[in-house]
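Here the structure comes first, spelled out in structure tokens, and everything after it is commentary.
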Amino acid sequence: MSVTKRWHRPSAFALLLTLAGIGTFVWLGLWQLDRGREKDALLLAFQTAAAAQVTEFAAAKDLRDTTVYPHLRVSGKFDQQHVYLLDNQPRGSAIGVEVFVPFKVAGESRSLLVNRGWLAWPANRHELPELPPLPEGEIELHGIYAPISGGGIHLGGNSLPTQTHWPKLTIFMDADAIAADLGDVLLPRQLLLDADANSGFVREWIPTFMAPERHRAYAFQWFTFALVALVIFAKLHWR
């Protein structure tokens, strides 16, 4: 005996619920695709910044547009007394630290946080990485003027006030916490120094935002949810 299938008219509630769900999933998928395109543009801007025309410090020091990464030239002196090490920074299979030093900019009351680059931890991790010496006196620096990222999970609170020896180790970068620790005011961005084979540091700068591929993967997930909702609705009403 054959079974005849036919369409059963859905209730208004079921129809509205399904349409709302599909509409929401599609909107979220499109939003993720848009975010992925934004991150592609940011990544391109970041990757081309080091080769861009040099911008004078005064023209970009208070830049707030997070989509722009100027290639900056700035003069001043390093703070020889204070060094911060951002821990748990991977490079390939190795773990190390990024080295941050305040920089006293000529003619500027605020200090600039300079990222000198990455150093690997010694194999036993019983000693801190050996830091290349800081240049003394008035110098000129070149690098990418980039937002200060959080750089880690804020577990255990701010440990900087409890450390009495330098350099100080931290698992996240908090500009306000560092400014308070220094008793100083910081500029709104950091300087990622240009690559230099003789510096002793690895300077392969990587943006800390979510990769565009992740956004596209989430978009695919939301579109899949929309398709599943449509299939379930059809199965429930085609009997």
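The values are calculated or read from the model by the stated rules, or taken from the named source; none is laboratory data. Predicted, not measured: the structure shown is a model, and the values here were computed from it. Here the Cβ is made from the backbone with ideal geometry for all residues, glycine too, and neighbour counts use every protein chain on show. Side chains are part of the model used for accessible areas, which takes the heavy atoms of the whole protein and leaves out ligands, DNA and RNA. Shrake-Rupley method; radii C 1.70, N 1.55, O 1.52, S 1.80 Å.
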Looking at Ser199, Thr224, Gly36, which one has the Cα that reaches farthest to the positive end of the dipole of the chain (charges on Cβ: Lys, Arg +1; Asp, Glu -1)?
Thr224
Cα centroid of segment 188-232 to Cα centroid of segment 69-134, whole Å:
23
Check cross-link reach from Lys235 to the lysines: straight Cα distance under 17 Å, and skip same-chain residues fewer than eight apart.
Lys5
Please give the residues of segment 23-55, grouped as numeric ranges, whose backbone N is less than 16 Å from a label point set 7 Å along the Cα-to-Cβ vector of Met210.
25-43
Pop the C-beta distance of Leu131 and Leu230 into the FRET formula with R0 = 41 Å and round what comes out to the nearest 0.05.
0.10
Cross-link reach from Lys104 to lysines, straight Cα distance under 17 Å and at least 8 residues apart if same chain, gives Lys61, Lys77
For the chain, the percent of accessible surface on carbon and sulfur atoms (probe 1.4 angstrom, ligands and nucleic acids excluded) is 60
Leaving out ligands and nucleic acids, note down the accessible area per residue over the chain with a 1.4 angstrom probe, in whole Å².
59
